[in-house]
Amino acid sequence: MSKPKKKNRLERFVYKELTSEKSYSDSERHHILTKEEQERLKKIKLFTFLKAGSTGALVIIILYVPYYIWPEWFPDTQVWVPLMEEYYAVPLVFLFYSLILVLIEIALLTLYNISAIKNISKACSYPNPKDKHYESDVNSLVAVGLERKQKGQSTLGINPFEGLSKFQVLTYTALNLMKAALTNFLFKLIVRRLLGRYALRIFVDLAGVPVYAFWNSWAANRVMNETRVRVMAAPVTKDLAAEIFEVQKDNQEFKNELYFILDYIAIVKRTFHYNHYLLSISMLEKFSISIDPEHKYDPEFINRIKNGSKLTQSGFSKLLLFGMLIDGKLSKKEEFLIFKMHKQGYFSYGREQSKKWTKDYFSGRGIEELVYGS
């Protein structure tokens with residue numbers, strides 16, 4: 001086992017914030033939200049939306065209004081460019097001012113995220129200090145608060161990007177990072193086209209206000225949704241692992257394919273996710289399967305499932321569907337995969353039923369029918 005990575009100062013601060021709440025309910029049904037808990041989560045969500053959106057709008061206003069009202073505060077700096085052998089006017093003061101505002105905005109948004117995560121966790125009594133995965137659970141929330149990916153699955157030899165080239169992985173990641181900047185550029189372009197050459201530049205620049213307000217709110221919503229599905233995952237994952245083990249413990253065929261099913265879940269989702277790591281480690285521990293960091297995926301396993309016993313197909317169906325919905329959403333590609341597998345006869349659940357359970361899980365209504373059903 002590799003030595004745990006030492007936390008930096010920011011990670012230690014977030015960790016302390018998220019573990020400062022000492023009260024905890026021993027109820028095993030934290031994935032079932034009461035009406036009061038749902039109302040509390042709605043208030044947390046609305047308040048965080050307002051803070052994040054107004055901060056995004058305010059930063060753009062503070063950035064551009066002084067720039068146009070007091071232009072003398074932002075003189076251009078003549079910078080010598082050796083290759084061109086000329087001086088070029090560069091707004092260094094404005095760029096530095098922009099950088100300071102961006103850093104302040106990032107700091108505020110991070111604090112909003114941490115506050116929302118702490119409040120959501122408290123409302124749902126998570127994580128459980130008595131759970132052996134407590135440290136991992138807390139660290140997963142720290143990662144959400146700092147908007148960092150966790151790659152715990154790679155320590156198990158599970159790779160969500162199996163079959164993709166490095167270029168494809170890089171392109172996929174870059175496109176996600178470019179969304180906000182691209183949307184802002186397109187919005188400004190539309191404003192210029194609508195106003196034509198008579199447009200005042202300040203109006204064009206301030207057109208970014210609703211865009212950045214929207215993206216800040218969207219980012220905050222993503223963090224809160226991510227927190228929500230992680231909070232509800234631990235108890236239901238524990239229940240599912242125990243139930244599958246009880247049914248499949250004497251089925252060597254299922255046990256032989258278990259590692260590959262966990263591979264397949266990650267590959268279908270095409271992302272690193274703590275819930276998938278928690279599910280994988282829980283299943284491997286339950287079936288006493290040794291963790292193999294050098295584990296290799298066998299794409300032929302799906303044909304063995306197709307030709308396997310009904311018992312194995314049942315376990316495969318339950319584990320795969322749970323793995324797909326445990327991050328709170330099913331993509332259209334995943335819905336189509338469910339439809340295709342169900343039509344071919346080796347997947348137990350239909351598309352509409354799968355969509356309903358996904359919605360029930362995210363809404364906190366529980367998925368006992370999936371966990372305990374045959």
Inset, instruction - Restricting attention to the stretch 71-126, report how many residues are within 30 Å of K42 (Cβ to Cβ) and in contact (Cβ under 8 Å) with a residue 24 or more places away in the chain. - result: 20
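Is it the case that some residue within the stretch 327-338 is basic (K, R) and in contact with a His (Cβ under 9 Å, 6 or more places away or on another chain)?
Here is the first cut: in the stretch 327-338, the residues basic (K, R) are 329, 332-333.
This time we only want the ones that are in contact with a His (Cβ under 9 Å, 6 or more places away or on another chain), so: none.
The answer is no; no qualifying residue exists.
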Legend entry - Qualifying positions in the stretch 235-271 - basic (K, R) and farther than 14 Å from L284 by Cα: K269, R270
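Just checking, how many residues over the stretch 274-298 are in a loop (DSSP other than H, G, I, E, B), free of Cβ contacts under 8 Å to residues at least 60 places away in the same chain and not acidic (D, E)?
Looking only at the stretch 274-298, we keep the residues that are in a loop (DSSP other than H, G, I, E, B), and these are 287-298.
If we keep only those that are free of Cβ contacts under 8 Å to residues at least 60 places away in the same chain as well, we get 287-290, 298.
Then keep just the ones that are not acidic (D, E); that gives 287-290.
Total meeting the criteria: 4.
Residues checked against (1) in contact with a Cys (Cβ under 7 Å, 6 or more places away or on another chain); (2) under 17 Å from S348 (Cα atoms); (3) surrounded by fewer than 19 Cβ atoms within 10 Å (Cβ to Cβ):
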| residue | (1), (2), (3) |
| --- | --- |
| E246 | no, no, yes |
| Y259 | no, no, no |
| E285 | no, no, yes |
| S288 | no, no, yes |
| N307 | no, yes, yes |
Legend entry - Residue among L195, L186, L182, L177 that alone is under 26 Å from I69 (Cβ atoms) and modelled with pLDDT under 60: L195
Inset, instruction - Kindly indicate whether E300 is more than 22 Å from S136 (Cα to Cα) and of a type in the set (D, E). - result: yes
Inset, instruction - Could you list, in sequence order, all residues of the stretch 49-90 that are modelled with pLDDT under 85, touching a Phe, Trp or Tyr at 6+ places or on another chain (Cβ under 6 Å) and of a type outside the set (S, T, N, Q)? - result: G56, I60, Y67, F74, V79, W80, V81, Y87
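Checking the condition assigned to a loop (DSSP other than H, G, I, E, B), surrounded by 17 or more Cβ atoms within 10 Å (Cβ to Cβ) and of a type in the set (G, A, S), which residue from S125, S121, S136, S140 passes?
S125
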Inset, instruction - Might you let me know whether the stretch 158-171 holds any residue that is of a type outside the set (A, V, I, L, M, F, W, C) and at pLDDT below 60? - result: yes
Inset, instruction - Considering every residue within the stretch 321-337, establish whether at least one is touching a residue at least 40 places away in the same chain (Cβ under 8 Å), over 15 Å from F260 (Cβ atoms), surrounded by 13 or more Cβ atoms within 10 Å (Cβ to Cβ) and touching an Asp or Glu at 6+ places or on another chain (Cβ under 6 Å). - result: yes
Inset, instruction - Could you look through the stretch 13-33, keep only residues that are at pLDDT below 75 and of a type in the set (S, T, Y), and pick out the one that is farthest from N139 (Cα to Cα)? - result: S27
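The values are calculated or read from the model by the stated rules, or taken from the named source; none is laboratory data. No experiment lies behind these values; they were computed from the predicted model shown. Cβ: placed from backbone, ideal geometry, glycine included. Neighbour counts: every protein chain shown.
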